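Notes for the one structure printed next.
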Amino acid sequence: MIFIKKTDIGNFTESIHLKDYERPFYEKQIGVDGLICDYGRERISLDGEWRFGVDQYDNCLRSKWYEEVYADGDGRPFPLDFSFEQWETITVPSCWNLLKERYFLYEGSSVYVRDFPFEAAQNERVFLRFGAANSSAKVFLNKQYIGMHTGGYTPFCFEVGELLKSQNRLLVVVNNTRKSTGVPYDNTDWFNYGGLFREVSLLRVPRTFIKDFFISLVPSVPDGTDGTIVSDGTDGTIQACVKIDGADKKGAAVLDIPALGVRVDIPICDGDGKVTFAASPSLWSPENPHLYDMTVTYGEDILRERVGFREISVKNGAIFLNGQEIFLKGVCTHEESVQNGNALTECEIRENFALAKEMGCNFMRLAHYPHHEAAARIADEVGLMLWEEIPVYWAIAFDNADVYKNAENQLSELIVRDRNRACVIIWSVGNENADTDDRLSFMTRLAKKARELDHTRLISAACIVDSKLLKIADRLDEHLDVIGINEYYGWYEPDFSKLPRIFENSRPYKPVIISEFGADAKAKSGGTAGELYTEANQRAVYEKQLEVLGGISYVKGISPWIFYDFRCPRRLHHMQNYYNIKGLLSADKKYKKPAFEVMREFYSSR
Ligand code: GCU
């Protein structure tokens, strides 16, 4: 126990009278500008057992536990409401909801504390990186507040070299309270897990280092006559961009792709560098998930990346991969397992993708928020195209500037994190939002931002049809490359006859992906089609849906909702029992419902 001089913490009564105690923390937000790429960098892991306290009234922040003032100026000890060293432990990464039965439904603040040694070296800078924390994290290092991150599913970094000592204490207040001004807002159709549910690590980099690296095929452009794709990418051009952080902002980075026989300088001017060069890489596709090992060096810094090269484009209402028209045989999935909540293991991700390929998928919609970065790395390897999205879900406060900033930051962090992943072909800026003026302006800005950050991918959103006009008529469509449509005819909308009419009434001039359709089915339930919640009924809905969808020429992809049952606090029907049971598989993925086979046959027939 350390007795240190009482600082200006004020007295006990301050902590019970101070109402807007949170405001000072919000004044130090960290976002995409603080993100540094860690491709192939050595990570000093801070995962493992942390001390853990459920702090429902935010007393850590109100009473400044993080300052650890144990006594007054004369050494008289204070009565305290915390004892970090005696607290229970929690494993990082994990979701606190699964730590103990009584934490299952807990929403609020929890305090994470861990100590770690550090031996500083000369000429280095050190960054503290969080894979994600749901849904906000206020971070304190050695009793100093270093900043906060808002957004539950994207990585964030703090530069900490100057604060580190030989022995360090890291304290993080994670809060997962749902808010009407959140992204997502306070009503969603998934379970609101909380905690440090992705990795925490330290990154050591030289004083001048490569902050960001983005490489891709330069998208071909239609030859301007009949709009056919000029190149299928084989005689392509590769573009590589780097951002340098540090004093030495002039020079050249070196990009090495041995298997392509490429070793090229990237001239750096004022910290930015870009180079294009001709190359004929073996193009990445689900059938040929070819990846190239490469290194980028600048001064003493080196990055190691594995990147596939491919071109995704749309033209004349079709989707092209490397110049070949494709049909996206997909399925939606949350990032969840019964055992680990949102903190999926690599093994669980691989199992999910293997099951999707077994169903005949070449595509997956990672709903409704950025999944773990490992998902895109594994999809790169196994050959699955991905739709990745940010949780601009349902009734976001579209008129709120801070909410826009939060959404744009999450989109930017997702894109900067994953834009070297060939498998990612679509960035989605939202899901099932009402077509209002505020929403149109908000999401048009997001689509524009996505294109600014990455001109090599398609922009989409999961939209809803106009149920009065019975047509595809979302004003956001004109700002998208691919129109996502969620429709539940045969389930929420019992009158199935409307579905074909919608397609007859619509003349979209862009490719449409049916980004959701489905029906609840209790696994292993008997009963007949027409009886809600039965497997027979789910199967019948799928068969009727596919009969219609399979015949619509402008539908260029399908991702039924959803791959496996998942926890959902909105689902209290006794057949659901707190789960959304639209899965094609049971929640533990051990059981395939009959509709799984319907999808498999449909995809194998395409
Ligand atoms: C909506 C929504 C999903 C939800 C699904 C359902 O379309 O996008 O998040 O789970 O429908 O109602 O099951």
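The number of residues in segment 277-332 that are part of a strand (DSSP E or B) and either within 16 Å of the ligand (Cβ to nearest atom) or over 18 Å from F214 (Cα atoms) (or both) comes to 13.
Out of all the residues in segment 466-523, which are crowded, with 18+ Cβ neighbours inside 10 Å, of a type in the set (K, R) and either under 30 Å from F320 (Cβ atoms) or within 13 Å of the ligand (Cβ to nearest atom) (or both)? Result: K510, single match. Determine whether A422 is away from the ligand (no atom under 16 Å from the Cβ) and buried (at least 24 other Cβ atoms within 10 Å of the Cβ). Spelling it out, A422 is indeed away from the ligand (no atom under 16 Å from the Cβ) and buried (at least 24 other Cβ atoms within 10 Å of the Cβ). Taken together, the criteria place L128 among residues that are in contact with a Cys (Cβ under 8 Å, 6 or more places away or on another chain) and among the aliphatic types (A, V, I, L, M). Among the candidates F140, F191, the residue that is more than 19 Å from E22 (Cβ to Cβ) and either in a loop (DSSP other than H, G, I, E, B) or in contact (Cβ under 8 Å) with a residue 40 or more places away in the chain (or both) is uniquely F191. On the stretch given as segment 354-403, residues that are assigned to a helix (DSSP H, G or I) and open to solvent by 10 Å² or more (accessible area, probe 1.4 Å) total 11.
Given the criteria within 14 Å of the chain's Cα centre (by Cα) and among the hydrophobic types (A, V, I, L, M, F, W, C), does L384 qualify? For L384, the condition - within 14 Å of the chain's Cα centre (by Cα) and among the hydrophobic types (A, V, I, L, M, F, W, C) - is not met.
Return the residues of segment 189-202 that are crowded, with 20+ Cβ neighbours inside 10 Å and more than 16 Å from the ligand (Cβ to nearest atom); say none if nothing qualifies. Listed by number, the residues that qualify are G194, G195, L196, F197, R198, E199, V200, L202. Applying the set (1) open to solvent by 10 Å² or more (accessible area, probe 1.4 Å); (2) in a strand (DSSP E or B) to S460 leaves exactly one unmet item: (1). Scanning segment 143-188 for residues that are among the β-branched types (V, I, T) and either within 16 Å of the ligand (Cβ to nearest atom) or assigned to a loop (DSSP other than H, G, I, E, B) (or both) yields a total of 6. Residue-level analysis places S467 among those that are out of contact with any Phe, Trp or Tyr (no Cβ under 8 Å at 6 or more places or on another chain) and at pLDDT below 95.
The values are calculated or read from the model by the stated rules, or taken from the named source; none is laboratory data. Every value quoted in this text rests on a predicted model; they were computed, and no experiment measured them. All Cβ positions, glycine included, derive from the backbone under ideal geometry; neighbour counts span all protein chains shown. Just so you know, the surface numbers come from the protein's heavy atoms only, side chains and all, with ligands and any DNA or RNA stripped out. Shrake-Rupley method; radii C 1.70, N 1.55, O 1.52, S 1.80 Å.
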